[in-house]
Each structure stands twice: as C-alpha cells, then as structure tokens.
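The values are calculated or read from the model by the stated rules, or taken from the named source; none is laboratory data. All values derive from a computational prediction rather than experimental measurement. All accessible areas refer to the heavy atoms of the entire protein, side chains included, with ligands and DNA or RNA removed. Shrake-Rupley method; radii C 1.70, N 1.55, O 1.52, S 1.80 Å.
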Amino acid sequence: MNLQDRISDLLQLDNHCIEIINSAANAAIEFYGDYCTHLHENTTENVHGETQKRLDLQADDVFTKSFLKLDCIGLICSEEQDQPISANGEYSVCFDPLDGSSVIEANFATGSVFSVYSTTSLIGLTPRAQKCSFYFIYGPNLLLTITDGVKVYTGKFNGFDFEFKQVQKLTKNAVLAPGNFKLISNATFVKKIQEVCKHGLALRYSGALVSDVHMLFTRAGGLFVRPVENGKKPKLRLLYECAPLALITETLEGSAKCLESNILDLTITDYHQTTDVCLGKTDLVKLWMQS
C-alpha cells in the first residue's frame, strides 16, 4: 500500500490534501538525504532580516518545486519568500521549509512545518480554516506527523515507507520547553516557570520549535512557550509555524493560545504575521496564561 492509500485509511482528508502530503513526503525524503551531507554555510537574509543558510534555501526550493507540479495548488506561501507564489489551483500550502536551522551545527533535530487551506484567499480567514497540517522532523530518523483535525498520526521512515502510529492525547505533565530565555531576568517570566514546574515538568529546550513541540507530543503532555519581551515584535510566524502546530495541539485536546486569543482564532492579516504562543496540555496552558 502506498503512502496516499495509507493516509486515506487513517485520516478523513480529501484527495487534494493527501496529494499535497504525499508530494511533501517525497520532497522531504529527497531533502533529508542532502541534509545529512551538505554544508550549512551563511548566504543571504530573508524578509524577516534573518540569515538564510544553504539548507534553508535548499529546503524552500525542493518543497516549492514539488508543490508546483500539483494541479490543485493555487498559492504557495513560504517563510523564506517575500511574497506568495500563485498557480492555477484552488488550494494553498503555507510552510516553514526548515525550522530550527540555527541549531544544525550542534547536530540537533530540526524540521519542516506545513498547513493546507482549500482556498487561495487567506487574508481575513482564521487558521481554523486549515484542512490539515503536518510536519517532518530531521534527526536520527525522518518523521512525519499529520492531523486532519480529528486524529493525529506520526510515522518513522524506515528507508522505504512511513510506519504510522496514533499520537495520544495530551494528558501528562511531562516537559516544559521555555523559548526566549532572554527573559530570564524578567521576574514575571521566572515566576511563571516556577509555578508550572511545581507540577512536575522537566525543563527540555533545544531551540528548534518543531522538534521541541514534537517532544511534547511524544511524551503525551507538557508545555511549550515563546513569550515576547515588552515592546518587541513576536518572532514566530502564524501561518508557517504556530497555526499548523496549534491545529495538532487542539486535536490532541490541548490548547494553543497567545496574549490575544486562541491561536486558531486569530485573524490572518499578513502572510508574515507573527505571534507569541503558549501551547500544550490545557490546564498547564491556563496556569501559564494566568500566573
């Protein structure tokens, strides 16, 4: 059975979503081979003023080329591109081609994050309009995690195929991944960490959003937070990072919030819109937001 057939058996997705996931999986397998061998030297800057490195650009290129081959694709939105790429289909795919690229030299796990919409008119919508979201992890293994908003499955690539298992609901107090440690001098931030750690959480943080959140999912509970310093713009992107991970989190009966609202209820106003984020087990999210 091929990947498309197995996804169809596991999740309630239409053929276009399955086609997009399959295309991304083939591209990820191709990229993973290069990821393990190519240098990660500095090159240019992206629209956010961040340094783009060779693998950032390579990941963006391999996924974009893969999606442009699909008739269903009408809009490709990448964190590494100033403007979306338009095509002739009806579906949009939004993605961070290589999340966590700054920790590659330390040989930490990184990943690619995607969300799919059945429209090319994203501005004015909320991320609840996502048809599905998924991500890949590049580490000792290549992993694929997918949700249709009803269930979540994760699969390890064995060299030929992905071996899937269902991801469990977020019911445990397992790990705390606190991003933006520049705030360690902020008394409120430190108090929040102390409060949630009273509930038995172990501090775990690598600096790669997708792999830190995946750890939370695999441990069936915990908390990831990326707060913002007063007066500074949030760093994480709504369309490319927070929205797809929020959909998976809520599907696992967790919560994904920012200071304004639930992440999935934010109005999309810009392709490169940013937000703070707190996601994980619902009672821990509530404790963090209220403490």
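Data table
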item: Geometric extent, Cα atoms of region 184-291 - Rg, Dmax (angstrom); result: 13.2, 38
item: Gain in span if fully extended, E105 to T269, counting 0.36 nm per residue against the direct Cα distance; result: 55.6 nm
item: Square roots of five times the Cα gyration tensor eigenvalues for region 118-169, Å; result: 27, 13, 9
item: D_trans [Stokes-Einstein, Kirkwood Rh over alpha-carbon pairs] for region 131-212, 37 °C, 0.692 mPa s, µm² s⁻¹; result: 216 µm²/s
item: Debye intensity ratio in log₁₀ form over the Cα atoms of the chain, taken at each q of 0.12, 0.13 Å⁻¹; result: -0.72, -0.85
item: Accessible surface of the chain, 1.4 Å probe, proportion on carbon and sulfur as whole %; result: 47 percent
item: Cα-based Rg and Dmax for region 72-181, where Dmax is the largest Cα-Cα distance (Å); result: 16.0, 46
item: Degrees between helix 187-197 axis and first principal axis of the chain (Cα, 0 to 90, nearest 10); result: 80 degrees
item: Cα-Cα P(r), region 110-267, percent of pairs per 5 Å interval; result: 2, 9, 17, 21, 21, 15, 10, 4, 1, 0, 0
item: Entries of K192/K233; K131/K172; K151/K235; K151/K281; K53/K257; K198/K281 with Cα pairs more than 19 Å apart; result: K192/K233; K131/K172; K151/K235; K53/K257
item: Euclidean distance of C-alpha centroids, region 218-235 and region 66-101, integer Å; result: 26 Å
item: Estimated 222 nm signal from helices in the chain, with DSSP H stretches of n ≥ 4 weighted -39500 (n - 2.57), rounded to 500; result: -9000 deg cm²/dmol
item: Accessible area (Å², per residue) of region 168-291, counting only protein heavy atoms and a probe of 1.4 Å; result: 43 Å²
